[in-house]
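What follows is a single structure, written as structure tokens, with notes after it.
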Amino acid sequence: MIAPLIPSVPLNSLDQLWIQVSGTVCNLRCSHCFISCSPDNHSFWFMTREQVRGALEESASMNVKEYYFTGGEPFMNNEIEGILEDALAFGPTTVLTNATLFPPRRVRELRRIQDASAHPLELRVSVDGPSAEINDPIRGEGTFDRAMEGVGHLVAAGFRPIITTMQSWPCEAMPCMLQAFRDALATVGYDEPRLKVLPPLLIGEEAKRNRPYRSCERVTHEMLHGYDLDQLLCTRARLVTATGVYACPILLDYPSARLADTLTEAVRMRAPLAESACYTCYENGAICSNATTGTGESRGASSCDQVPAVASTCTEGAVSTCG
């Protein structure tokens, strides 16, 4: 039996440059982390300010529209403030964070950095439920209160963070969950919040917590016929790490996604859609970008008094059940 050829896509434009600034090192050990970040996962190490500056300078002629910093937890990198200053000299910058390392002095420094730049600094804060009862079983005991305190500090300093959450509740509960997030964020002074809901990625720790992908959940050549390739992040982005350049930030653990040693080489290479996680992006679009979910007042047909404390994962619109 001949193995099917793996589909691949070109980089149409480098709209987003992602930088794995803290490697796989994180102060939390979340049960859904798709690259299994933790305090003791040193598979990928911190990038130095000098390394990041080199990547920024290499990208200067590539018409990058946005810079994203991820990990691990970026604020475990003790050079992060200087790194952000450097990045903001090149363009709009987003940091993905759990907001548990945000004492007031750090937030004041972020405010100073933002005020000194003509480009916007975005903070994306991961909170996986509108209460400790929903969030903490996933992210760890006490993390909801710590993250909400961090969000409160950011809001008080004039930031409007994007609250990012993985959908771990039934689809019919979505209107109620959005309202619950609004209510919870209002308690720390964040009115009209920006919320981004992600589908589950069934790799890393989430594959253990929920389930791994099924064999049929893969992108094929036939599926790309007539498909808008701009929906795939790997046609518009690359990920720089301390040890090479990858097709996207989701596939850090997969050798198939490592494209080259340098960004200059990687932008010339096609991204293979070799992993099942590519299927989730195919189904949902470029899930890593900053696009947010509406948090209007509409509650739909379900009763918001019946939102479960810990809900089952919704696969509708996230990953196929393969019929």
Self-check item: Cut-off under 5 Å, modelled amide H: who pairs with Thr94 long-range
Solution: Tyr67, Tyr68, Phe69, Glu122
Quiz item: Magnitude of the Cβ-charge dipole of the chain, K/R +1 and D/E -1, about the Cα centre, nearest 20 debye?
Solution: 220
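Add +1 for every Lys or Arg and -1 for every Asp or Glu among the other residues with Cβ under 9 Å from the Cβ of Leu14, and state the total. Intermediate results must be reported in sequence, preceding the final value.
Values: positive: Lys65, Arg236, Arg238; negative: Asp15.
It works out to a net charge of +2.
Given N residues in the range 11-306, what is Rg(Cα) / (2.2 N^0.38 Å)? Working shown, then result.
Working: Rg = 18.6 Å, N = 296, 2.2 N^0.38 = 19.1 Å.
Normalised Cα radius of gyration, the range 11-306: 0.97.
Net charge near Leu185: determine it from the other residues with C-beta under 10 Å of the C-beta of Leu185, scoring Lys and Arg +1 and Asp and Glu -1. Before the final figure, lay out the partial values.
On the way: positive: Arg182, Arg194; negative: Asp183, Asp191, Glu192.
Net charge in that neighbourhood comes out at -1.
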Self-check item: Amide H contacts of Ala271 (H built 1.01 Å from N, under 5 Å, at least 5 apart or other chain)
Solution: Val9, Leu11
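Using per-residue counts of other Cβ atoms within 10 Å, averaged over each peptide, order 61-73, 115-127 from highest down. Intermediate values should be presented prior to the final figure.
Working: 61-73: 20.3, 115-127: 17.5.
Top of the packing list down: 61-73, 115-127.
Given contacts defined as C-alpha pairs under 8 Å and at least six residues apart, what's the relative contact order of the chain, whole-number percent?
Numbers: 660 pairs, mean separation 76.0, N = 323.
Averaging sequence separation for qualifying contacts and normalising by length gives 24 percent for the chain.
What does DSSP give for the chain in terms of the percent of beta bridges that are antiparallel, rounded to the nearest 5? Provide the component values of the computation, followed by the final result.
Values: 8 of 34 bridges.
Roughly 25 percent of the beta bridges in the chain run antiparallel, per DSSP.
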Exercise. Give me the net charge of Pro104's neighbourhood, meaning all other residues with Cβ under 13 Å from the Cβ of Pro104; Lys, Arg count +1, Asp, Glu -1.
Key: +3
Self-check item: Computed over the range 22-152: relative contact order in percent, which uses C-alpha pairs under 8 Å that are six or more apart
Solution: 24
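A short reminder: the numbers here are calculations on the coordinates, not readings from a lab. Bear in mind that the values here come from a model prediction, so they are computed numbers and not experimental data. Cβ: placed from backbone, ideal geometry, glycine included. Neighbour counts: every protein chain shown.
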